[in-house]
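These notes concern the structure reproduced below.
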């Protein structure tokens, strides 16, 4: 079984595009990992609802046969260097 949080950007992108796994599965896996890492205080703001909404949108686009955006299904974490 593939551990989704171990995959790189290209592998996630390709897996979502070819249907190996859904964008929602990826989002859920990363949400769980971020939750487990709360004691590290690594993220100032978490937006799991936005991640799930974006994943649903990507999955719906794929199901409709649309061309996916370049990073559809790929979660991101942004470093706040200016706090």
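Where a number appears in this text, it was derived from the coordinates with a stated rule and is not lab data. In this text the structure is predicted, and so the values were computed from the model without any measurement. FYI the Cβ positions are ideal-geometry reconstructions off the backbone, even for glycines, and counts take in every protein chain you see.
Side notes on the structure shown:
- The convex hull of the Cα atoms of the range 4-70, projected and averaged over all directions, covers 4.6 nm².
- Remark: spin-label model distance residue 36-residue 63 equals 2.8 nm, labels positioned 7 Å along the Cα→Cβ axis.
- The chain, relative contact order in percent, only Cα pairs under 8 angstrom and at least six apart counted: 39
- Cβ-Cβ FRET estimate between residue 56 and residue 79, R0 fixed at 35 Å, reported to 0.05: 0.85
- Helix-only CD estimate at 222 nm, as mean residue ellipticity for the chain, using -39500 (n - 2.57) per DSSP H run (n ≥ 4): -15500 deg cm²/dmol
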